[in-house]
Amino acid sequence: MAHALRNFYDLTRSDLLALAVRWGFSPVHAARLWSYVYPGGLENWSEMTELPARFRMKAEGELHFGRLPVATGRQSTDGFTHKYLLSLADDRRIETVLMRYTGRVTACISSQAGCAMGCVFCATGQMGFVRHLTPGEIVAQAIHVDTILRTRDGAGALARPTGRSPHDRHERLRNIVLMGMGEPLHNYDSVMTAVDILCDPAGLALGGRKITLSTVGVVPGIVRLADEARTVNLAVSLHGATQEERAALVPVAKKWPLDDLMDACRYYIRKRERRIFYEWTLIEGKNDSEENARAVGRLLQGQFAQVNLIPLNPTAGFSGVPAGRETARRFQQVLAEHGLPSTVRQRRGIDIAAGCGQLATAR
Ligand code: SF4
């Protein structure tokens, strides 16, 4: 029986160097191979002409490049958002979103197929958990978006809010949010390996500060993140400022209550000396009142924090309605009175169900 090839994208640079040594080759060859792929973008072995033939043959016999084929791609009517349904090797599907904002492109990447957390307003939560993604499947989503940017393959018509010429061929992916399908801290090891690969200074060299990881409040993961040295941004989905209100929207709050979550967040801020971004989905009549805003203000007062308000995006399984612009503005005012900076998230890709909480696939 032929042995299974390993996915190159699962490997960190030090994994690859160790593998080369195990095969009886110099790590120098592995370092050269790494630079062909990251940031060179090469996957064709025959083009890696500086690799010794014996090493190249060995690597080709052991490794493959686990790209994720596009099952479907859709573009929003404003042209700023592309959503890709990508196929995994076992025929599962995940979604990845490319979003253009003024002066930057952000990839919204999935960490799991489906999600076990069951947030009531989220289409991914409504579909349930399918499986964790491997590091390579997470990295491959970033490579997919980066390739589109570099080659304009399929994104030539993608609109630009302002600025650069559509003929500028040197754009690369610099911003990633792990806010696609799945709870990243429920798949901690794979996500962090992927982050290490993406941030490797001898590769894509993404800045940790350009990667934002969004959790619904997996307390042990937040504590672990605080204890480790990565510089990724942390976003915590709050949605309710009392245990009862939060647990009604985010069932995982029953496992990790609000008090424990706040302890973990304060620990993270202290230990990492980093701000936390709190996400608050604004649902009309549910959590969008001035009293709700005051409760958030009291809860977070004194923390090094920012609140990102996200007017609810529609999903088939939840009947809530997004709060209006004026309500969001009043909510912001109250937060400001408590010394809390806030933003209202630009709504993007709603017409193609690419907004926050809208990603889902048939299993
Ligand atoms: S909001 Fe995030 S954590 Fe909650 S169900 Fe959706 S994907 Fe999972």
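The values are calculated or read from the model by the stated rules, or taken from the named source; none is laboratory data. All figures in this text were calculated on a predicted structure; none of them were measured in a lab. Cβ: placed from backbone, ideal geometry, glycine included. Neighbour counts: every protein chain shown. Quick note on the areas: whole protein, heavy atoms, side chains included, nothing else; ligands and nucleic acids left out. Shrake-Rupley method; radii C 1.70, N 1.55, O 1.52, S 1.80 Å.
Exactly one residue out of 264, 293 is closer than 30 Å to residue 100 by Cα and either in contact (Cβ under 8 Å) with a residue 12 or more places away in the chain or surrounded by 19 or more Cβ atoms within 10 Å (Cβ to Cβ) (or both), and it is 293. Scan the stretch 103-130 for residues that are modelled with pLDDT under 95, among the aliphatic types (A, V, I, L, M) and part of a strand (DSSP E or B) and the total you get is 1. Scanning the stretch 108-154 for residues that are open to solvent by less than 20 Å² (accessible area, probe 1.4 Å) and among the hydroxyl-bearing types (Ser, Thr, Tyr) turns up 110, 111, 124.
Against the numbered list (1) in a helix (DSSP H, G or I); (2) more than 20 Å from residue 297 (Cα to Cα); (3) touching a Leu at 6+ places or on another chain (Cβ under 9 Å), residue 247 comes up short only at (2).
Out of all the residues in the stretch 336-355, is one or more more than 15 Å from the ligand (Cβ to nearest atom), touching an Asp or Glu at 6+ places or on another chain (Cβ under 8 Å) and at pLDDT 85 or above? No, every residue in the stretch 336-355 fails to be more than 15 Å from the ligand (Cβ to nearest atom), touching an Asp or Glu at 6+ places or on another chain (Cβ under 8 Å) and at pLDDT 85 or above. May I ask you to list the residues in the stretch 7-34 that are in contact (Cβ under 8 Å) with a residue 40 or more places away in the chain, in a helix (DSSP H, G or I) and under 15 Å from residue 201 (Cα atoms)? Matches in the stretch 7-34: 13, 31, 34.
Does residue 162 count as open to solvent by 10 Å² or more (accessible area, probe 1.4 Å) and modelled with pLDDT of 90 or more?
On the way: open to solvent by 10 Å² or more (accessible area, probe 1.4 Å): yes; modelled with pLDDT of 90 or more: no.
Here the answer is no, as residue 162 does not meet what is asked.
The residue of the stretch 326-346 that is farthest from the chain's Cα centre (by Cα), among those that are buried (at least 17 other Cβ atoms within 10 Å of the Cβ) and small (Gly, Ala, Ser), is 328.
Within the stretch 194-231, the set of residues being open to solvent by 40 Å² or more (accessible area, probe 1.4 Å), touching a residue at least 60 places away in the same chain (Cβ under 8 Å) and either assigned to a loop (DSSP other than H, G, I, E, B) or not acidic (Asp, Glu) (or both) comprises 202, 205.
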